[in-house]
Protein chains: 2
Amino acid sequence: MTIDPRLSSLSLNQKTTNSWSLEEAVAGAERAGLSWIGLWREPVQQIGVDKAARLVSDAGLQVSSLCRGGFITAEEGPARRASIADNVRAIEESATLGTTCLVMVVGGLPEGSRDLAGARERVAEGIAELAPHAAAHGVRLALEPMNPIYCADRGVLSTLGQALDLAELFPTEQVGVVVDTFHVWWDPAVLPQIERAAGRIASFQVCDWITPLPADALLSRGMMGDGHIDFPVLRRAVEAAGYDGPTEVEIFNADVWASDPEAVVSLMSERYLSCVLDS
Amino acid sequence: MTIDPRLSSLSLNQKTTNSWSLEEAVAGAERAGLSWIGLWREPVQQIGVDKAARLVSDAGLQVSSLCRGGFITAEEGPARRASIADNVRAIEESATLGTTCLVMVVGGLPEGSRDLAGARERVAEGIAELAPHAAAHGVRLALEPMNPIYCADRGVLSTLGQALDLAELFPTEQVGVVVDTFHVWWDPAVLPQIERAAGRIASFQVCDWITPLPADALLSRGMMGDGHIDFPVLRRAVEAAGYDGPTEVEIFNADVWASDPEAVVSLMSERYLSCVLDS
């Protein structure tokens, strides 16, 4: 089988093939002709960060991003200190894995709190505290604005504009943003905000918005082409803003997870070429 | 039982007591000491618009809003013409019912389309076509920005700012906006946009954002106090913008609908006083 050379810009986020071990995901990405893989901390920690780094490197792959840091909305106290310390570890892990991109899912409202403005302020404070650690390790904190469906419980950064307002308080190489189509496609301001994000785009992630929305909101992402998102218009905007890194596919979806991972990677590659690259 | 006089600013949207007929909802609102009711076109048409108007009036109530016009994202053709004609009828029905507020749920992407910008343009064209009809009947088209969770299939107006960009193309009395807490609470720009909306706020609706999000996205609204929204901060902003109309409660939720409607109205009244008015 001839592998399309354009697949070298595609990254398999390991969550897309959730039933595969890290070893299997690395091997699967290599077989598919990809050059990149997106990793998650838990499976990396399970086999050890150094070993994971070697595994990826030995397969000729690079790590496009590490998921995830964040969850820094708690008020000052032991829980917040533990979270900051954990984020420092995540920064170190990113450096060991050779990726500059640590995806930051900043967290939702603390249990029982309705103070959204306060939670957002604490995110800014947390980033300010973590940025020097990131700089010291050559890692960039990649703020991920999340679809408002997750505002209460996952991420109080809700728009790309809001993420940029925060990122711009810091040097470009310390704090960037993630442009994930699932999270930003609906935003009337998404194109001008992508333009504004020039130099700040740390990751471009793609998956689709499907309807009816699956019952579990956390597993509601679809394979590209199965939903409503116009990928080329967003890809072109990201490219026009100067982003030339990989395009990462991260799909949380029970049906995708129940499928044969090899077939998922194959379909992902096909849809990347037909739905994301072509226009 | 003494009825708290502050309940005169509360409106029962009849969808909140979905198992009640229109007659039952009117009687229930009257018993609860409310002065307002929000109606839906289908039950109104079932008993006849004139009869519905008399029923409400005889109970000493006023209609706070009629739901709903909209669904004007189709491309030009018979379906679009039918939708425009139906919206003209909705305007006439609003006038007959004595309400100036026709809630506009503008519609999602047409079947099979991924052209979000095009759908949004057609909304603007549809409003331009309908505004003179609204003016002729003394009715205001109340643009409802919807939570992005509904962008694909219900409403491509996703933020209050976007709704105001459109509304401001028309005279204040012809096109306004709905501020519905469920739809706008997450928006980092919600407070300045409510301030900007002074004179344009046609309706203030409240219900809560609950987690975990119920399995059916269309039935995901919660009773005030059951979720994450800080109502007083939004209510005060709406009041500061000069809105002095009723606060309408519209809850789509399977558990609420399965409850005794009388108890729902009682709980709604209690929560309005404790969660929305008090702060």
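Within 13 Å, Cβ to Cβ, of residue B:211, how many net charges do the neighbouring residues add up to if Lys/Arg are +1 and Asp/Glu are -1?
-2
If the only charges are +1 at each Lys and Arg Cβ and -1 at each Asp and Glu Cβ, what is the size of the charge dipole of the protein assembly as shown around the Cα centre, to the nearest 20 debye?
Computed charge dipole of the protein assembly as shown: roughly 440 debye.
With a sphere of radius 15 Å drawn around the Cβ of residue B:8, what net charge do the other residues whose Cβ falls strictly inside it have (Lys, Arg +1; Asp, Glu -1)?
-2
Looking at the range A:5-277, what % of its DSSP beta bridges pair antiparallel, to the nearest 5?
10 percent
For residue A:236 and residue A:46, compute 0.36 nm times the residue count separating them, minus their Cα-Cα distance, and round to one decimal in nm.
Difference between extended and current length: 64.7 nm.
What is the distance in Å between the Cα centres of the range A:238-271 and the range A:72-95?
Cα centroid to Cα centroid, the span is 29 Å.
Roughly how far apart, in whole Å, are the Cα centres of the range A:207-226 and the range A:7-65?
23 Å
Apply the a/c threshold of 1.5 to the C-alpha gyration tensor of the range B:108-257 and tell me whether it is rounded, prolate or oblate.
oblate
So what's the Cα pair-distance distribution over the range B:205-279, bin width 10 Å, in %?
It works out to 19, 50, 27, 4, in whole percents.
Where nothing but the Cβ of Lys and Arg (+1) and of Asp and Glu (-1) is charged, how large is the charge dipole of the range A:125-279 around its Cα centre, in debye to the nearest 20?
That gives the range A:125-279 a dipole magnitude of about 280 debye.
Using Cα pairs under 8 angstrom and six or more residues apart, how large is the relative contact order of chain B, in percent?
19 percent
Got the residue A:58 label distances to the other copies yet, label 7 Å along Cα→Cβ, in nm, shortest first?
Shortest to longest, the spacings are 8.4 nm.
Quick one: order B:236, B:271 by neighbouring beta-carbon count within 10 Å, fewest to most.
Ascending number of Cβ neighbours within 10 Å: B:236, B:271.
Around residue B:176, which amide H atoms from residues at least 5 apart in sequence, or from another chain, sit under 5 Å from its own amide H, with H modelled in the peptide plane?
Sorted by chain and number, the residues that satisfy this are B:141, B:142, B:143.
Within a Cβ distance under 14 Å of residue B:45, other residues only, what is the Lys/Arg minus Asp/Glu net charge?
Overall, the nearby charge balance is -1.
Using alpha-carbon positions, what is the distance between the centroids of the range B:135-168 and the range A:107-134, in Å?
Taking the Cα centre of each part, the range B:135-168 and the range A:107-134 sit 31 Å apart.
Bin by bin, in steps of 10 Å, what percent of the Cα pairs in chain A do you find, going until the bin that has the longest distance?
With a bin width of 10 Å, the distribution comes to 7, 31, 38, 21, 3, 0.
Taking the axis about which chain B rotates onto chain A, which residue of B lies nearest it as judged by Cβ position, and how many whole Å separate them?
Of all Cβ atoms in B, the one closest to the rotation axis yields B:215, 2.
Going toward the positive end of the dipole of the protein assembly as shown, with +1 on Lys and Arg Cβ and -1 on Asp and Glu Cβ, which of A:64, B:240, A:84 do you reach last?
My answer, from the dipole projection, is B:240.
At 222 nm, what helix-only mean residue ellipticity would the protein assembly as shown give, in deg cm²/dmol to the nearest 500, using -39500 (n - 2.57) for each DSSP H run of four or more?
Computed ellipticity for the protein assembly as shown at 222 nm equals -12000 deg cm²/dmol.
Excluding residues fewer than 8 places away in the same chain, name every one of the lysines whose C-alpha is closer than 27 Å to that of residue B:15.
The qualifying lysines are B:51.
Kirkwood Rh and Cα-based Rg: tell me the resulting Rg over Rh for the protein assembly as shown, rounded to two decimals.
1.01
Could you give the dipole magnitude of chain A about its Cα centre, charging the beta-carbon of Lys and Arg +1 and that of Asp and Glu -1, in debye to the nearest 20?
300 debye
Once the label point is placed 7 Å from Cα along Cβ, list for residue A:242 the distances to the corresponding points in the other copies, in nm, shortest first.
4.4
Provide an ascending nm list, one decimal, of label-point separations from residue B:257 to the equivalent residue in each further copy; define each label point as 7 Å from Cα along Cα→Cβ.
2.8
FYI, it's all coordinate maths here, none of it is from the lab. Not measured: the values here are computed from a predicted model. Cβ sites come from the backbone with ideal geometry, for glycine too, and all protein chains shown count toward neighbours.
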